[in-house]
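The values are calculated or read from the model by the stated rules, or taken from the named source; none is laboratory data. Here the structure is a predicted model, which means the values were calculated and not measured. Positions of Cβ are backbone-derived with ideal geometry, glycine not excepted, and every protein chain shown enters the neighbour counts. What goes into the accessible areas is simple: the full protein's heavy atoms, side chains included, and nothing from ligands, DNA or RNA. Shrake-Rupley method; radii C 1.70, N 1.55, O 1.52, S 1.80 Å.
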Amino acid sequence: MEKREAEGLRFFHVADVHLGMEPDLGCPWSKRRQEEIWESFRRLVDRVREEKPEMLLIAGDLFHRQPLLRELKELKALFESVPDTQVVLIAGNHDYLKRDSYYLSFSWPENVTGLFGQSCERVDFPSYSLAVYGCSYYSREVTENLYGDVHPSGAMRYHILLAHGGDDRHSPWKKEEMAAAGFDYIACGHIHKPEILVPDRMAYAGALEPTTMNQTGEHGYIDGVIDAKGVRISFVPFAVCEYVELTLPVDEDTTQFSLEQDLTAEIARRGPANIYRVTLEGLRSENLEFSLKRLRETGNVVEVTDRTRPAFRLEQLKREYAGSLIGEYVGYFENAGSALEQKALYYGLEALLDARRE
């Protein structure tokens, strides 16, 4: 025991896995993404088995909804495969504890501890001189700060808090007050974007896999060490895929075919397993309209936004429509310099020309 205390310990901090969720419901890849979420968690347990951190900390929303009994049996088998690692978990606002929740009645392996109280409790690990604190949600929303009165206690040398929430409807807290409570590390869940709130003291691990198309950027878990020198944490990218925002430039020579070719090449370069939000920008040929449906079918494209404008030949329009409202409109804006004036020119011309064609 003295040796372990002197060396400290290593922990993996994960949150918001959302097992059972089917992202992008109705899209061709939604079922695949549902299985990838499970597969990412299995891979994480594989890494735990390989690297043998002393602790695996799960800061809420392991499931997207109430876990099924067969799913908990799958978890049990996974956790039994890493007997050298202690697993501590709490329930968040998605997998909150109903009266008949299987979380409460399930027979967990010896190396798994659920902090399933409605108010914060502590579990001690004397072999590591570590105390872990936390509590679980009993409803989808908790508008009071669950952690405001929690402070380290007991004889353990190191103290870690698992905390789920941080917004107005889910245990609102102030990070400065939380960080001042005296814990060596606060492992946060609920916010799906990884974020270091206080360097080496308090962090959101973020979702293990992105679950909605606005969750761009890297996703994964936090790898931490705690010893006599303090705490050091680092974020580890781990997701099977990411949501990627992709902007494609357009000019007067761009065609539907060339645009599809460009999109295909970018998807191949950035990763075909990723899911893309595509934006078209620039000045297109005056009479061309792109088929956004065809672009969405190019790959894992969840959304296409067309922000292009026709490349009007202003001098030609001014001569052709001299003496008309269109000619006067072009003349008024022909020296437009600001982005707002340019936008007004092109939007207005489109509307006037469309009205004339009708």
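Overview of values
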| quantity | calculated |
| --- | --- |
| Accessible surface, the stretch 173-279, averaged per residue in Å² (probe 1.4 Å) | 44 Å² |
| Calculated FRET efficiency for the pair Thr264/Arg319, C-beta based, R₀ 45 Å, to 0.05 | 0.65 |
| √(5λ) per eigenvalue of the Cα gyration tensor, the stretch 227-276, largest first, Å | 40, 12, 7 |
| Globularity ratio of the chain, using Cα Rg and 2.2 N^0.38 Å | 1.31 |
| Among Cys188, Cys120, Cys27: highest mean-square fluctuation, GNM of the chain, C-alpha pairs under 10 Å | Cys27 |
| Hits among aspartates and glutamates - C-alpha to C-alpha of Lys229 under 18 Å, sequence gap 8 or more where chains match | Glu2, Glu5, Glu7, Glu54, Asp184, Asp200 |
| Loop trypsin sites (Lys or Arg not before Pro), the stretch 106-158, which have at most 13 other Cβ atoms in a 10 Å radius of their Cβ (DSSP) | Arg140 |
| Distance from the stretch 57-91 to the stretch 111-157 (C-alpha centre basis), Å | 17 Å |
| With eigenvalues of the C-alpha gyration tensor scaled by 5 and rooted, the stretch 24-88, Å | 24, 14, 11 |
| Among Leu288, Leu146, Leu115: highest mean-square fluctuation, GNM of the chain, C-alpha pairs under 10 Å | Leu288 |
| Listed pairs Lys98/Lys174; Lys31/Lys73; Lys52/Lys174; Lys52/Lys98; Lys98/Lys175; Lys76/Lys174 exceeding 26 Å between Cα atoms | Lys98/Lys174; Lys52/Lys174; Lys52/Lys98; Lys98/Lys175; Lys76/Lys174 |
| Accessible carbon and sulfur surface of the chain relative to its total accessible area, %, 1.4 Å | 48 percent |
| P(r) weight above 15 Å for the stretch 73-162, C-alpha pairs, percent | 63 percent |
| Within a Gaussian network of the chain (alpha carbon springs, distance under 10 Å), most fluctuating of Gly282, Gly166, Gly182 | Gly282 |
| Between helix 30-51 and the chain: long-axis angle, C-alpha atoms, 0 to 90°, nearest 10 | 40 degrees |
| Inter-label distance for Val198 and Glu74, nm, one decimal - labels placed 7 Å from Cα along Cα-to-Cβ | 3.7 nm |
| Trypsin sites (Lys or Arg not before Pro) within the stretch 232-313, DSSP loop, no more than 13 other Cβ atoms inside 10 Å | Arg307, Arg313 |
| Qualifying trypsin sites (Lys or Arg not before Pro) in the stretch 170-225, DSSP loop, other Cβ atoms within 10 Å at most 13 | Lys174 |
| Neighbourhood net charge (9 Å Cβ-Cβ; Lys/Arg +1, Asp/Glu -1) for Val17 | -3 |
| DSSP-defined antiparallel bridges as percent of all bridges, the chain, nearest 5 | 35 percent |
